[in-house]
Amino acid sequence: QQQVKQSPQSLIVQKGGIPIINCAYENTAFDYFPWYQQFPGKGPALLIAIRPDVSEKKEGRFTISFNKSAKQFSLHIMDSQPGDSATYFCAASIQGGSEKLVFGKGTKLTVNP
Amino acid sequence: NAGVTQTPKFQVLKTGQSMTLQCAQDMNHEYMSWYRQDPGMGLRLIHYSVGAGITDQGEVPNGYNVSRSTTEDFPLRLLSAAPSQTSVYFCASRTSAYNEQFFGPGTRLTVL
């Protein structure tokens, strides 16, 4: 049973576009929702995270939107750049237990110049 | 700080061989975890530890053993490697004060 469903599997946008990656979760006990960015040959790195008591969080060009009633959250990348080309993973865990993250399957983003 | 380090970077094993993947962190983090990453599958938790001497199973623990004798080290042991264990393995750690997990660079393992 996949607890965190991520879509799309891959995404291609032009420089300056706004890619959107969506995730849905099933376990209502989840209360910590991070997004990780991974470049080829590297380990994932935390990009931005949100808790369910807020509906939106922005850090630079990256924004998480959160819909608790729908059990969905999404990542928006404003003014995307070729350097943003990477694989993005959403994840979820129970607060205080984020060493036990449940990951989505990932989205490979390509930003063309 | 070196952060989270993993050795080796690459390893090829034959079916039935055993080996240990090493993970170390120099950030004095209490919590450490092992994940495996397979194409199209995301990362899946194998084992985790909340402190020295304390370990527990994650989503896919079969075929793997762990121990945590020190805060710094969290080795992952494959007792009898199988082709299904071909994967990229990531170690991660975090402090109890924050949720952010720091990942190592990974070990790419191929089992023939």
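The values are calculated or read from the model by the stated rules, or taken from the named source; none is laboratory data. Remember, predicted model here, so these are calculated numbers, not experimental data. Backbone-built Cβ (ideal geometry, glycine too); neighbour counts: all protein chains shown.
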For this session: Looking only at segment A:13-20, decide whether some residue is among the hydrophobic types (A, V, I, L, M, F, W, C), at pLDDT 95 or above and not in a strand (DSSP E or B).
Result: yes
For this session: Could you check how many residues of segment A:101-113 are assigned to a loop (DSSP other than H, G, I, E, B) and facing chain B (nearest Cβ under 8 Å)?
Result: 4
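Output yes when any residue across segment A:37-44 is under 22 Å from B:Arg36 (Cβ atoms), assigned to a strand (DSSP E or B) and at pLDDT below 95, and no when none is.
First, the residues of segment A:37-44 that are under 22 Å from B:Arg36 (Cβ atoms): A:37-44.
Still in the running and assigned to a strand (DSSP E or B): A:37-38.
Remaining after also requiring at pLDDT below 95: none.
No, there is no match, as no residue in segment A:37-44 is under 22 Å from B:Arg36 (Cβ atoms), assigned to a strand (DSSP E or B) and at pLDDT below 95.
Can you tell me which residue is farthest from the other protein chains (Cβ to nearest Cβ) among those in segment A:21-36 that are surrounded by 16 or more Cβ atoms within 10 Å (Cβ to Cβ) and assigned to a loop (DSSP other than H, G, I, E, B)? Spell out the reasoning first.
Let us first name the residues in segment A:21-36 that are surrounded by 16 or more Cβ atoms within 10 Å (Cβ to Cβ), namely A:21-25, A:30-36.
Now restrict to residues that are assigned to a loop (DSSP other than H, G, I, E, B): A:30-31.
Numbers: A:Phe30: 12, A:Asp31: 10 Å.
Within segment A:21-36, the match that is farthest from the other protein chains (Cβ to nearest Cβ) is A:Phe30.
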Seminar exercise, completed: When (1) under 17 Å from A:Leu46 (Cβ atoms); (2) touching a residue at least 24 places away in the same chain (Cβ under 8 Å) are applied to A:Ser80, the one that fails is (1)
Exercise. Taking into account only those residues within segment B:26-46 that are over 18 Å from A:Gln3 (Cα atoms) and within 12 Å of chain A (Cβ to nearest Cβ), which is surrounded by the fewest Cβ atoms within 10 Å (Cβ to Cβ)?
Worked result: B:Glu30
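Looking at the structure I just gave you, is B:Glu72 in contact (Cβ under 8 Å) with a residue 40 or more places away in the chain and over 30 Å from A:Lys5 (Cα atoms)?
Details: in contact (Cβ under 8 Å) with a residue 40 or more places away in the chain: yes; over 30 Å from A:Lys5 (Cα atoms): yes.
Yes; evaluated as a whole, the condition is true for this residue.
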For this session: Look through segment B:61-112, keep the residues that are of a type in the set (Gly, Ala, Ser) and within 9 Å of chain A (Cβ to nearest Cβ), and return whichever of them is surrounded by the fewest Cβ atoms within 10 Å (Cβ to Cβ).
Result: B:Ser96
Exercise. Tell me, which residue of segment B:47-60 that is part of a loop (DSSP other than H, G, I, E, B) and of a type in the set (Gly, Ala, Ser) is nearest to the other protein chains (Cβ to nearest Cβ)?
Worked result: B:Gly58
